[in-house]
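What follows is a short report on a single structure.
The values are calculated or read from the model by the stated rules, or taken from the named source; none is laboratory data. Small disclaimer: the values here were computed from a predicted structure and weren't measured. Because the Cβ atoms are built from the backbone with ideal geometry, glycine has one as well, and the counts that use them run over all protein chains shown. To get the accessible areas, we keep the full protein, side chains included, count just its heavy atoms, and leave off ligands, DNA and RNA. Shrake-Rupley method; radii C 1.70, N 1.55, O 1.52, S 1.80 Å.
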Amino acid sequence: MAEPIRKITPEEDPAPEREPRLIGKPFRRVDGRAKVTGATRFADDLSFPRMCWVRLVRSTVPHAVIRSIDLGEAEKVPGVLGFLTGKDFPIPFGILPVSQDEHALCPDKVRFVGDPVVAVAATTEDAAYEAAWKVKVDYEPLPTIGSVQEALDTPEPRIHDYGDEGNLHKVVSMTFGAVEEGFAAADEIFEDTIWYEGNTHLPMEQHSAVAVPEDDDRVTLWSSSQTPHYVHRALTKVLGLPASRIRVVACSNGGGFGGKSDPFNHEIVVAKMALKLGRPVKITLTREEVFLCHRGRHPVLMSVKTGIKRESDGRVSITAQRLQTALDGGAYGSYGVASTYYTGALQTVTYKMPAYEFQGVRAFTNKPPCGPKRGHGTPQPRFAFEVHLDKIAAKTGLNPADLRLGMLAEPDTVTANWLRVGTMGLGKCIEAVVAGSGFRERWGKLPPGRGLGLACGSYLCGAGLPIYWNHMPQSGVMIKLDRSGGVAVFCGQAEIGQGSDSVLAAIVAEILGVSLSDIRLCVADTDLTPVDLGSYSSRVTLMMGNAAVQAAERAREQIAQAVGQQLEIPSGRLVFADGRVFDATDPDTGLSFQDAVIATEARFGTLATTGSYIPPRSPGKYRGAGVGPSPAYSYSAAVIEVEVDPATGLWNPLHVWIAHDIGKSINPVLVMGQVEGGVYMGLGEVMMEESAFRRLPRHLSNALVHKFPSMLEYKSPSFADMPPVTTYLIEDPDPQGPFGAKEVGQGPLLPVMPAVANAIYDAVGVRIDQSPIHPHMVLKALQAKAKGDEARFGPKAFPEVDFGETLLVPTPAQGGDGKAINDFKDKLRSGMRSASGTMMSREEALRNKKVSVLTTELKGAR
Amino acid sequence: MSDDLTTLRLRVNGETRAVVFPTHHTLLEVLREELALTGTKHGCELGECGACAVLVDGRPVLSCLALAAEMEGREIETVEGLQIGNELHPLQATFADLNAAQCGYCTPGILMTAKALLAENPRPSGDEIREALAGNLCRCTGYHKIVEAVDWAAARMRGEEGTPPAEVFYGSPVPDAPRV
Ligand code: FES
Ligand code: FES
C-alpha cells in the first residue's frame, strides 16, 4: 500500500479477553438445513447434459493372469459408446508413494474377486450394465493366498513383484529401550494372543463419481471422496496431464469413515472415459462393489507380552512391552504400510512404558484391499492391550480403574518411541466414567450374567506428516472480504458428515464477530480452494482450524487497522462481535461489520487473507518415526455394562458410559454426534460386523469370495441394537488446537470393543480374546470353564515370523537423540532366511547377525 | 433388458407429473432420474437400508423395491415435499438442531418414515420410535440423536413448549470424582 498507516499496536491498549460467542455453543450446523431438505448434492445427485454411464467388469476369480478379453458381444449392445481396458492405463497409482501398485484397470493380472478389468460406457446405465455382462474375460488361474499364514507359507507366486519378501508386503521391527532388561526386571510377565477380525466402513452412500470434460483438454471430477487432493495427484499421474488441467471436487460425502480416502479405480476410469468420449461420464458403485472396494479394517493377529512390577505404594507399573502384529492386507498396498506402523505406534501414549518393542508384518492376500477405517490400525492393538490390562488387574487384584490410573502417561512428556504427549485427559476420563457407572461399587459385584468392563484409548489429532514428503502446509485457508460484508472462506477440506464445514465457518465467524449466515464456504475444490490434505487421521479440526484462525486473525488485523484509523481509536482496543467493530471502552463507538470492510477495502484495496498450518516437528528421527506423531492426542475411556445369557452365550450391551478428552468443543452438539457415532461403530465391530471370506469348492473355481457383500448379510447395528449412552465431554484446552480443540472423530470408538470383552469377563468369568464376540464363542469358553479347561476363546498362537534385524532406538530416558543406532539403508531381510528357505527364529537371526540387544548401559556410554 | 416404456401421470408432493420411463424402472429411479427429485437416496437398491423410503398414500415404502409403473393414482411424498413453504417441518428443524443428520444421507428416508409414524401415533415412546425406524440404517449418528429429534418434533407438533435438556447438546455433567 502506498502511504504508511499510523502504527498502533494491540499492547497499546488491548481489548479485554472476551468469552467466545459461538465457539463452545451448540449451533445448528451450517449444512443442516440442506441435509434435512434433501438439497445437499451428493455425487450421485449430479447430472449433466449428454451424461453417459460407465460400468466396470470386475474379476470373478481371486488370482489369475488375464489371457484374453472378448468385447464382441458387448459391442453389439445398443447404446454402447466405448470401452477401456488395462492397456489404456499403463501407469500405476496408489495412495502411498511406496505402494504404487494399482492400475485403474488390471493390465495383465487380477488379484481379488472384484478387481476391475474392463470399463464400458453407454448412453444409459441399463445399457452399460448389459454390455458389461456380455464382456468375456478368459483367466488363467493362479494359486490363491487367503491369510497371513498362507502368505508366510507361500512366497511364490507373488501377488505383487514388490514388497519386503515373497508375499509379505511390509515387515517392521523396532526396539525402543532396554526391552529384555525390562522383562528381566519384572515381577511378573503376562502374555496374550489376540485376534481382531476385519470389518468395513459401510458408508450409507455408495461411491459415485462424475467426470466432465472441459475446454482445452481439461477435466473436472466430482466425487464422493474424503481426499480430493490425493485423487488430484493420482489423476495427474495416471492421465499424464498437468495438474492444472485437472479439477477434483469432493461432494459432500454420505459418510466415509476412511472408506473414501484412497484414489479409486472408478474415479480414474470416468475421468479417462470423459476425455475419450468428450462427454460427461458417471459411475455409481453398487453396494456389492462398495464391499469390494473395501479399504476397511485389517484383520490382525496380535501377540502382546508385558512385564509388570508391583510398586511399594500398591501401584503396578509396566517395565516393558513387546507387541507383534500380523496384518492381512488384502490384494493391494493402499495405506497398508502406514496401517502396519499404526498397529504399533500409539501403544505408548496412554500408560507409562519405559521400554517397548514393536514388530509388525503385513501380508498380501487375494482379498479386497484393507486400509484405513476409523481408528486406522489402532483399534486392534488397543483391543489387545486393554483386554491384556484387564487380565493384569484380575491377577494383581487391583481394580481395573486403579490399575490404569496408577500407570498413566504423563502430560508434556516424550514416550519411549518418541511421541510428544501434550495435554493428557485420560485420568479425568477414567474418573468420569467410573463415577458415572458406579464402577468402583459395582464391578465384580453384579449378579451372575451381569458385568461391567472398563477400557481406554487415545488417538491422533492429525498425522504429523503428509502422505507424500513435502515442506508445504498441510492445510490452507483463504478468506475473501468485500463491500457486501459477506465473508467467503475457501479451504480444500472435505465435509464427510463430521461437520468440518461448520467448524470452519464457526472459527471465522467467531474471530470476525459475524454470524454464521454471513459466511459463505467454498470447499474441497482443487481449482478454487487452497490445499488441505483431506478428511482423514482426525486432522481437520486441528489443522484446518489453525489455518482458519490465522487467516481470520489476519483479516481482523487489517480491518482493525483501517477502522482504528478512521475512528481514531487504537486498533488493539477494537472488539469484533455481533456484526460490529467497536471500541471496547465505548461500545457505542464503532462501525457495522459491513462498514468496517468498506473502510478497509477503501484503505487497502481488494481484500483477501490466507492462513496455513504445518504441524510441529516430531522429535523421532528413526526410520518409521513418521507414523504416530501428532500435534496432540485425544483420550477416551468407557465403561460398558453387559448382560450375558450363560445358556446360549447371547450377550447384550445394556449401557455405555463414555468420556472423551476433547480439549475444547468448537460445537458440542457436533462433538456429541461424533462420540455417539463412534460408540455405535465400536459396538457394531464387537457385536457383529466382520468382513469374512470363504473359499468356493474346487468345482466352483476355488475362489475366495466375500461372505457378506450385502447390507443384509453384513450385519450392522440397527435402532433396536443401541443401548443408552451417557457421554461426558472433558474439556482441557490444548495449546496446539484452535481454541484448544482436539479430535473426536475416531478416538471414542477405541475403548468400546475391549470394554465389552472385559465386561463379559466380569459377567461370566470367561475371556474372549477376539472381536467380534459371537455367542458361540462365549458358550465355548463357558463349556471349557465348566470342564476345568482354560476359560477362554481365542487364537492359540502367533505365527512364526522372521522380523529381521530390529531397529534399535534409545529412548529419551536413555539419553537418545530420536535416531536409531543401527539405521540401515536396505533391510537385511533376505539374508535372514536359512539355507533351506524356512524362517529362522528371531533369536537365531539376531545371533547370526550379531545384533546385540540394547541395554540401559547405553545411557552411560553417551 | 426390456425396451418397454411406460407413460403415466405420477402424483408427487401434491403435484401431477407426466413421466415416460422403462417399465422395469423403480420408483426410486423415476423420482431421481426422470423428476430430478434427488433428495430420495439409495444405499443398496435391494430393500436393505431404508435410505430410499418415501411415503405412498401416507405409508412408508422402499422406493427401490416399488415399480414406478404401479404408482398411478397414488399420492407419493418425498423429502422435497416436507417443508411448508420456506418453513422447515418440525421434524426437519429438530433433526438439524440436534445434529440428527450428520452426513445426511440416511436422513430423507428416516424423515419420511418418522412422518408416517407421527401421523399414526403423535405421542410415540422411545421404543415405538426405534421400532418404526428399525429398517433404516444410519452409520453416522449412533441413532440416539435421531430418536431424540423425533421425540422433540412430536412434542412441537403437539404444540408443547420446551427445549431438549442440556445433556442432549453438551453431554452429561461430569460427575465429581470421589478418589479412594
Ligand atoms: S436403497 Fe432401498 S432399501 Fe436401500
Ligand atoms: S447421518 Fe450419515 S448415515 Fe445417517
**Item:** Boolean, A:VAL290 is outside any loop (DSSP other than H, G, I, E, B), under 21 Å from A:PHE93 (Cα atoms) and within 14 Å of another protein chain (Cβ to nearest Cβ)
**Value:** yes
**Request:** Output the residues belonging to the range A:714-750 that are at the interface with chain B (Cβ under 7 Å from one of its Cβ atoms), of a type in the set (Gly, Ala, Ser) and touching a residue at least 12 places away in the same chain (Cβ under 8 Å).
**Result:** A:SER716
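Looking at A:ALA104, A:ALA119 in this structure, which one is open to solvent by less than 10 Å² (accessible area, probe 1.4 Å), part of a loop (DSSP other than H, G, I, E, B) and either under 22 Å from A:LEU241 (Cβ atoms) or touching a helix residue (DSSP H, G or I) at 6+ places or on another chain (Cβ under 6 Å) (or both)? Even if it seems obvious, please write down each step before you answer.
Details: A:ALA119 fails: part of a loop (DSSP other than H, G, I, E, B).
So the residue among A:ALA104, A:ALA119 that is open to solvent by less than 10 Å² (accessible area, probe 1.4 Å), part of a loop (DSSP other than H, G, I, E, B) and either under 22 Å from A:LEU241 (Cβ atoms) or touching a helix residue (DSSP H, G or I) at 6+ places or on another chain (Cβ under 6 Å) (or both) is A:ALA104.
Going residue by residue through the range B:96-108, is there one that turns out to be assigned to a helix (DSSP H, G or I) and within 16 Å of ligand 1 (Cβ to nearest atom)? Outline the logic, then answer.
Applying the first criterion (assigned to a helix (DSSP H, G or I)) to the range B:96-108 yields B:96-97, B:107-108.
Retained after the next criterion (residues that are within 16 Å of ligand 1 (Cβ to nearest atom)): B:107-108.
Yes, some residue in the range B:96-108 is assigned to a helix (DSSP H, G or I) and within 16 Å of ligand 1 (Cβ to nearest atom).
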**Asked** Out of all the residues in the range A:613-651, which are closer than 30 Å to A:PHE439 by Cα and in a loop (DSSP other than H, G, I, E, B)?
**Response** A:ALA632, A:ASP645, A:PRO646, A:ALA647, A:THR648, A:GLY649, A:LEU650
**Request:** Could you pull out the residue among B:GLY47, B:GLY39 that is outside any strand (DSSP E or B), within 30 Å of A:LYS715 (Cα to Cα) and within 16 Å of ligand 2 (Cβ to nearest atom)?
**Result:** B:GLY39
**Prompt:** Quick one: A:GLN770 ticks every box in (1) at pLDDT below 95; (2) in contact with a Pro (Cβ under 8 Å, 6 or more places away or on another chain); (3) among the polar types (S, T, N, Q) bar one, so which box is it?
**Reply:** (1)
**Residue list for the range A:735-762, filter: open to solvent by 10 Å² or more (accessible area, probe 1.4 Å) and farther than 19 Å from A:PRO631 by Cβ** = A:TYR761, A:ASP762
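Please determine whether any residue of the range A:54-74 is touching a Cys at 6+ places or on another chain (Cβ under 9 Å) and in a strand (DSSP E or B).
Checked the range A:54-74: at least one residue is touching a Cys at 6+ places or on another chain (Cβ under 9 Å) and in a strand (DSSP E or B).
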**Prompt:** In the set A:LEU301, A:LEU277, which member is open to solvent by 20 Å² or more (accessible area, probe 1.4 Å), in contact with a Leu (Cβ under 7 Å, 6 or more places away or on another chain) and of a type in the set (A, V, I, L, M)?
**Reply:** A:LEU277
**Request:** Considering each of B:ALA149, B:ALA93 in turn, give the residue that is surrounded by 24 or more Cβ atoms within 10 Å (Cβ to Cβ), more than 7 Å from every other protein chain (Cβ to nearest Cβ) and on the phi < 0 side of the Ramachandran plot.
**Result:** B:ALA149
**Asked** Which number in (1) crowded, with 24+ Cβ neighbours inside 10 Å; (2) assigned to a helix (DSSP H, G or I) marks the one condition that A:GLY436 misses?
**Response** (1)
**Asked** Just wondering, is there one or more residues in the range A:84-98 that are in contact with a strand residue (DSSP E or B) (Cβ under 6 Å, 6 or more places away or on another chain), of a type in the set (A, V, I, L, M, F, W, C) and either at the interface with another protein chain (Cβ under 9 Å from one of its Cβ atoms) or assigned to a strand (DSSP E or B) (or both)?
**Response** yes
**Request:** Please determine, by comparing only the residues of the range B:120-146 that are more than 16 Å from ligand 1 (Cβ to nearest atom), of a type outside the set (D, E, K, R) and not in a loop (DSSP other than H, G, I, E, B), which one is nearest to the other protein chains (Cβ to nearest Cβ).
**Result:** B:HIS144
**Fill in**
Per the filter on the range B:96-126, residues more than 16 Å from ligand 2 (Cβ to nearest atom) and under 21 Å from B:THR38 (Cβ atoms) are B:LYS115
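Applying the selection to the range A:583-600, what residues are open to solvent by less than 20 Å² (accessible area, probe 1.4 Å) and within 19 Å of A:VAL508 (Cβ to Cβ)? Explain how you work it out, then say what you get.
The initial filter retains those residues of the range A:583-600 that are open to solvent by less than 20 Å² (accessible area, probe 1.4 Å), namely A:583, A:593, A:596-597, A:599-600.
Passing the criteria: A:PHE593, A:ALA596, A:VAL597, A:THR600.
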**Request:** Considering only the range B:29-47, state which residues are within 18 Å of A:MET204 (Cβ to Cβ), touching a residue at least 40 places away in the same chain (Cβ under 8 Å) and not hydroxyl-bearing (Ser, Thr, Tyr).
**Result:** B:LEU31, B:GLY39, B:LYS41, B:GLY43
**Message:** Considering only the range A:691-713, I want to know if a residue exists there that is free of Cβ contacts under 8 Å to residues at least 40 places away in the same chain, within 16 Å of ligand 1 (Cβ to nearest atom), surrounded by fewer than 23 Cβ atoms within 10 Å (Cβ to Cβ) and more than 21 Å from the chain's Cα centre (by Cα).
**Reply:** yes
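Can you find a residue that is modelled with pLDDT of 95 or more and crowded, with 21+ Cβ neighbours inside 10 Å anywhere in the range B:123-131? Reasoning before the result, please.
If we filter the range B:123-131 for residues that are modelled with pLDDT of 95 or more, which is where we start, we get B:123-131.
If we keep only those that are crowded, with 21+ Cβ neighbours inside 10 Å too, we end up with B:129.
Checked the range B:123-131: at least one residue is modelled with pLDDT of 95 or more and crowded, with 21+ Cβ neighbours inside 10 Å.
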**Request:** Evaluate the following for A:PRO709: is it within 14 Å of chain B (Cβ to nearest Cβ), assigned to a loop (DSSP other than H, G, I, E, B) and modelled with pLDDT of 95 or more?
**Result:** no
**Request:** Go through the residues of the range B:101-119 one by one and say whether even a single one is without any contact (Cβ under 8 Å) to a residue 24 or more places away in the chain, out of contact with any Pro (no Cβ under 9 Å at 6 or more places or on another chain) and more than 10 Å from chain A (Cβ to nearest Cβ).
**Result:** no
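If we scan the range B:17-27, do we find a residue that is within 13 Å of ligand 1 (Cβ to nearest atom), within 11 Å of chain A (Cβ to nearest Cβ) and open to solvent by 30 Å² or more (accessible area, probe 1.4 Å)? Full working, then the answer.
Within the range B:17-27, the first condition is being within 13 Å of ligand 1 (Cβ to nearest atom), and the residues that meet it are B:26-27.
Then keep just the ones that are within 11 Å of chain A (Cβ to nearest Cβ); that gives none.
Within the range B:17-27, none of the residues are within 13 Å of ligand 1 (Cβ to nearest atom), within 11 Å of chain A (Cβ to nearest Cβ) and open to solvent by 30 Å² or more (accessible area, probe 1.4 Å).
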**Prompt:** Of the residues that make up the range A:186-207, is at least one buried (at least 19 other Cβ atoms within 10 Å of the Cβ), within 16 Å of ligand 2 (Cβ to nearest atom) and acidic (Asp, Glu)?
**Reply:** yes
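Among the residues of the range A:28-45 satisfying the criterion of being among the hydrophobic types (A, V, I, L, M, F, W, C) and open to solvent by less than 20 Å² (accessible area, probe 1.4 Å), which is farthest from ligand 1 (Cβ to nearest atom)? Give the derivation first.
Residues of the range A:28-45 that are among the hydrophobic types (A, V, I, L, M, F, W, C), as a first pass: A:30, A:34, A:36, A:39, A:42-43.
Right, trim to open to solvent by less than 20 Å² (accessible area, probe 1.4 Å) and you get A:36, A:42-43.
Values: A:VAL36: 19, A:PHE42: 13, A:ALA43: 16 Å.
Only one residue tops the list, namely A:VAL36.
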**Item:** 2 or more residues within 14 Å of chain B (Cβ to nearest Cβ) and either under 28 Å from A:PHE93 (Cα atoms) or out of contact with any His (no Cβ under 6 Å at 6 or more places or on another chain) (or both): qualifying strands (runs of 3 or more DSSP E) within the range A:130-215
**Value:** A:208-214
**Fill in**
Going through the range B:38-62 in order, the residues found to be surrounded by 23 or more Cβ atoms within 10 Å (Cβ to Cβ) and either facing chain A (nearest Cβ under 8 Å) or over 12 Å from the mean Cα position of the chain (by Cα) (or both) are B:GLY39, B:THR40, B:LYS41, B:HIS42, B:GLY43, B:CYS49, B:ALA51
**Item:** Criterion (open to solvent by less than 60 Å² (accessible area, probe 1.4 Å) and more than 8 Å from every other protein chain (Cβ to nearest Cβ)) met by exactly one of B:GLY81, B:GLY73
**Value:** B:GLY81
